[in-house]
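A short write-up of the structure that comes next.
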Amino acid sequence: MTIAGRRPAVGPLIAVVGSVVLLGFVVGMIWAEVTPAMSGRVVDADSALIPAGQFPEEFAGVATFALLLFGYGVVAVAISWFTSRRWRGPLGFVAVAVATVIGSLVAAWVGTTVADWRFDDPRSSPVGSTFEVVPDLWLDGAVRGGIGGPWVLFVCAPLAASLVYLGLALAARRADLGVGDLPDAGADERLEPTAQPM
């Protein structure tokens, strides 16, 4: 047990944050391998065309990334909650939330880079040839007349992490979330005799 008011070592928290961010590399590589690709055709030397019939694949690719990020947020909380017990609480939650945001950005960058390696660059393909490409994850102008932007996907993992962290905190049997840094309230109480009714 820790003494009340004493700060736990920072090393385990830094290790958790680093592990969660590195897990973003894995998420990006998984997305690059499982995401459905869109097919298009090179129409001239400077332009390529992706038919409208390929837009379901674009939606599926973005949705796959979002679902992977939700799972990533859940795994990040599991890593934090069970390996860095002494940092449970507000600071631990903020660390996981920030790590999942950074890890989501890493996942998008790694996933797009690996997917670009998998498929040929349409700019180097001859006119009239077909090509495959993965959807763009940055979602610029993705929602017409509504809220949309590059940040939309990157709230998935922190949102999932927040809900799971809240659930674990509410399910904890002790007020200190099992950390052991609160004084035992019952230890200092004196047992006073009470009058019993006759």
Once you have the Cα-Cα distance between Ala15 and Ala60, take 0.36 nm times their residue separation minus that, and quote the gain in nm to one decimal.
12.8 nm
List the residues, sorted by chain then number, that are 5 or more residues from Met38 or on another chain and whose placed amide H is less than 5 Å from its amide H.
Val133, Val134
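Each reported figure results from applying straightforward, stated rules to the coordinates on display, with no laboratory input. Note that the structure is predicted; figures quoted are calculated from it, not measured.
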